[in-house]
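Notes follow the structure.
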There are 2 protein chains.
Amino acid sequence: MATAHNISAIEAAMGELHDFLGDRVSAGEAVREQHSHGESTHPPGMPDLVCFPATTEEVSRIALVSARHGLPIVPFGAGTSLEGHVHALRGGISIDMSRMNRILRVSIDDMDATVEAGVSRKQLQQALDNTGLTFFIDPGADATLGGMAATRASGTTAVRYGTMRENVLGLTVVLADGRIIHTGTRARKSSAGYDLTRLFVGSEGTLGIITEVTLRLHAQPEAVTAAICAFETIEGAVKTVIEAIQLGVAVARIEFMDEHQVDAVNRYSHLDMLLKPTLLFEFHGVSQASVEEAAQMAEQLASEHGSLGFQWQTTLADRERLWKARHDVYYATRALRPGSDLLTTDVCVPISRLAECIVATRADLDSVSFPAVMVGHVGDGNFHVQCLLGPDQIEEANQFAQRLVERAQAMGGTCTGEHGVGSGKKKYLYAEHGEGLEVMRAIKRTLDPDNRMNPGKVLDVD
Amino acid sequence: MATAHNISAIEAAMGELHDFLGDRVSAGEAVREQHSHGESTHPPGMPDLVCFPATTEEVSRIALVSARHGLPIVPFGAGTSLEGHVHALRGGISIDMSRMNRILRVSIDDMDATVEAGVSRKQLQQALDNTGLTFFIDPGADATLGGMAATRASGTTAVRYGTMRENVLGLTVVLADGRIIHTGTRARKSSAGYDLTRLFVGSEGTLGIITEVTLRLHAQPEAVTAAICAFETIEGAVKTVIEAIQLGVAVARIEFMDEHQVDAVNRYSHLDMLLKPTLLFEFHGVSQASVEEAAQMAEQLASEHGSLGFQWQTTLADRERLWKARHDVYYATRALRPGSDLLTTDVCVPISRLAECIVATRADLDSVSFPAVMVGHVGDGNFHVQCLLGPDQIEEANQFAQRLVERAQAMGGTCTGEHGVGSGKKKYLYAEHGEGLEVMRAIKRTLDPDNRMNPGKVLDVD
């Protein structure tokens, strides 16, 4: 696949990279193809070279090679991106972080850990076994923590434990010119200068390459209970969520599925949930008594808003089956129409507008030619429409997605709650940020004047 | 008081400001003196002019006047800053935000509010009466919410509810060239581009002037209980805190006082606490049963670590007396040595190092000539030493403060947990951020190329 770069620049870079990476740099077709895409319908982009650094210093040296030869650099984590973040749209060097997978430090007293960017979420959770601590942010996919930080990811537990924004305490970052900086301290809070940690969280590799992440951990809850609850109406489900949060009920997860999603999950995971708008609840607490109290409050609120009965999931096996089913929605949805492409939207709106947004979106879906299901992190106002597409339906789905984003933005919401911008959502940012987008561009130009850091993502500067 | 600016520039600016502000711009000596300082021992700085804008648009026009005449602009909230943030060190225009004190919007369903930057914390709390919601961040002083956002303030409840970093959802900001931007959306989370909200939170007026703040609110807890608990040792107190947090006990406040602080508070607030290292606890929950369960868990942990008994504060009157006493520590401390100057430090360390840091600091205090007390937000690892100084002791106290900061930074901590950098702590930032400080400077130069935005604060760029 041809790229815009001079063959001699690529060959020179290859030589220099080989000097310190040895066989951990490759120009092979198969490895380049593997690093040309994440999981989405966005067009792939082949890198010219793929590197597998093992240390921050090696990443810094790669940045210097990139600078010398004017080649873009594109960080690559687990490749689970849904918005084209890892596609090397202008060729250059893909930096595969999989060799940087060491857990550097866990502090039980401070409830934090420092990991290399290539450590996956599940790997960290395993390392925390028997510590009494856990890392709760869970985007579904077994993404890397560097990738999750770079996209400001979240997932089912954000309603209680926050997103990567709240749970990254500090970062090691390699800048475009090879400088290495450490953001944040190990103190829980600080007012010492600009918040560089939060600037790099969500910057999707366009300002620097995250090589280490210091994460906040949480206490493993002493007691957990869960429940499934179907509702007559979407409004009833959303009102229940709003009131539960207003009362301070200790919900750790509140997930919404529309009846089409319930149907897909029932088929795939062999469950028999009612084909109605449904909430999945999980409650965390310090004792069985406290979680039961919370759950009973939620049950009471649900019954006031037209619930069709709380189905308690009290055993660990029940709960694991429930959340496995929730996490498998992607596969459950795919199984509705095998071989189809999947387009997943990601709007997030103020929760006061959520029911209205979901209802209007379902009405919109009545007019399209493809099947679609809805699932959401309803406590945050974030929901996904998964569109199952035949080869001729991608453009129609993109138009639907645009209408949905415009609807959400008109309600004070955002085009992306947790998936990021990548190349797919750049066109929506001006409507959301206005003149603020120029401030973002100014920062990008300052930190990456040659536009070598994951170019073509988040915002256009040239 | 002489400033560096050309008299004719000041006169021309005065004329232009008068055109749209009328008598809401002043060059009077008294009003300039009043705007020359916050609450600290840092040298004051007189502005040349003081403006009282009523709208974001007026702030934008002031920025344009500042640009035309090369005059600095320094935002001024309630003047409660402890690090010289509001001192007009290079003269110019002080922008007093007190006329921008409207609460623009409260959404009960979304649990958020938008306020003008001059709204004070207590004013917001009053506006939330009878909504079931509250705003918990409480730095003690009745600061403005714009000032609290600008310094990334926190206070006694950060252990449960976070700091301004977590509780600001969006901002309206006037940039150096008068442009007005709106950061964030009303969605609870977003992955749509760089986190400009968090960039301006904590930037202390050096990147732009915050004119509106959208805040996250919290449910007013259904049940609250509190307790006072003295310990034989500081280590015992800190271990209790660590274990309570590890267990997920729902503490909303955990405040530490050393025996000298307890003595001052006893005298000032007519209490009779034991003269020992002491923790003040507050527990929030959805029911009396849940807070009592949490409190009993904490009591049990405390007894395992050498507590001298939990003194329950179950009535509202008891609790109000307790927290009023806690909030009055500043005055209680002053009353120990009337007429003295007060220097307040603000380090924050990983909680695993907190007991060691406090003990070493108390040993250091044995060698100084002034009296000092310690109080802290121990759940965050943040503590303050209040030094009571005669006229000849300020330099000695500054040297003590420097040793304390170096000790905290060596433990992985920060020079300021919540008070900010201002002019007082700039010298500590390189040790904390290294090359990251250059990134901050680059951002500052990009957004404020003439260095007119609160110059001389946070970092030096010239």
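Read-outs throughout are calculated quantities, based only on the coordinates presented, and are distinct from any laboratory measurement. Bear in mind that the values here come from a model prediction, so they are computed numbers and not experimental data. Glycine also receives a Cβ, built like all others from the backbone with ideal geometry; neighbour counts cover every protein chain displayed.
Inter-copy label distances for A:K324: 5.9 nm (label point placed 7 Å from Cα along Cα→Cβ; shortest first). Note on segment A:7-62: along the principal axes its Cα atoms extend 36, 27, 16 Å, ordered by decreasing extent. Measuring max minus min along each principal axis, the C-alpha atoms of segment A:133-230 give extents of 53, 27, 19 Å (largest first). Ranked by the mean number of other Cβ atoms within 10 Å per residue, highest first, peptides B:23-32, B:70-79, B:177-186, A:268-277 order as B:70-79, B:177-186, A:268-277, B:23-32. What percent of all Cα-Cα pairs in the protein assembly as shown falls in each 20 Å bin, counting up from 0? Spelled out per bin, shortest first, that is 14, 46, 34, 6, 0. Take each residue of peptide A:344-353, count the partner chain Cβ atoms within 10 Å of its Cβ, and average: the result is 5. Roughly what % of Cα-Cα distances in segment B:1-113 sit above 19 Å, to the whole percent? When every Cα pair of segment B:1-113 is considered, 45 percent fall beyond 19 Å.
Return one number: the angle in degrees, 0 to 90 and rounded to the nearest 10, between the long axis of the Cα atoms of helix B:436-447 and the longest principal axis of the Cα atoms of chain B. Once rounded, the angle reads 40 degrees.
Solvent-free Debye calculation, one equal scatterer per alpha-carbon of segment A:309-462: log10 I(q)/I(0) at 0.10, 0.14 Å⁻¹ equals -0.46, -0.82.
Taking Cα atoms only, the orientation of helix B:394-410 departs from the longest principal axis of chain B by about 70 degrees.
Ranked by the mean number of other Cβ atoms within 10 Å of their residues, highest first, the peptides A:12-22, B:414-424 come out as B:414-424, A:12-22. The 3J(HN,Hα) values that the Karplus relation (6.51, -1.76, 1.60; θ = phi - 60°) gives for segment A:419-424 are, in residue order, 8, x, 8, x, 8, x Hz. Gly and Pro appear as x.
Calculated translational diffusion coefficient of chain B (10 °C, 1.306 mPa s; Stokes-Einstein with Kirkwood radius over alpha-carbon pairs) equals 69 µm²/s.
Across the identical copies, the label point of A:I7 (7 Å from Cα in the Cβ direction) is separated from its matches by 7.4 nm, in order from shortest. Note that segment A:20-26 has calculated 3J(HN,Hα) couplings of 10, 9, x, 7, 8, 10, 9 Hz, one per residue in order, obtained from phi through the Karplus relation 6.51 cos²θ - 1.76 cosθ + 1.60 (θ = phi - 60°); glycine and proline are x. Backbone amide hydrogens, once placed in the peptide plane, bring B:V201 within less than 5 Å of nothing, excluding anything fewer than 5 places away on its chain.
Peptide B:241-251 is shielded by partner chain Cβ atoms: per residue, an average of 4 of them sit within 10 Å of its Cβ.
In this structure, the amide hydrogen of B:H85, modeled 1.01 Å from its nitrogen in the peptide plane, lies closer than 5 angstrom to those of B:S423, counting only residues at least 5 positions away or on a different chain. Cα centroids of segment B:394-446 and segment A:337-408: 47 Å apart.
Per-residue mean of foreign Cβ neighbours for B:136-142 is 0 (Cβ atoms of other chains, 10 Å radius).
Scalar couplings 3J(HN,Hα) for segment B:136-144, obtained by applying the Karplus form with A = 6.51, B = -1.76, C = 1.60 to θ = phi - 60°, are 8, 6, 8, x, x, 5, 8, 6, 7 Hz; x denotes Gly and Pro. Label-point distances for B:T55 to the equivalent site in the other copies, using a point 7 angstrom along Cα→C-beta, read 6.0 nm when ranked shortest first.
In percent, rounded to a whole number, the relative contact order of segment B:1-74 is 35, using alpha-carbon pairs under 8 Å and six or more apart.
Helix B:259-269 and the long axis of chain B differ in direction by around 80°, with both axes built from C-alpha atoms. Taking amide hydrogens as placed 1.01 Å from N in the peptide plane, the amide H of A:G170 sits under 5 Å from those of A:T214, each at least 5 positions away in sequence or on another chain.
The alpha carbon centroids of segment A:242-317 and segment B:1-59 are separated by 57 Å.
Helical runs (DSSP H, four residues minimum) scored at -39500 (n - 2.57) apiece and divided by the length of chain A put the mean residue ellipticity at 222 nm at -10500 deg cm²/dmol. Cross-linked pairs A:K189/B:K189; A:K122/B:K189; A:K444/B:K189; A:K276/A:K427; A:K425/B:K426: Cα-Cα separations exceed 28 Å for A:K276/A:K427; A:K425/B:K426.
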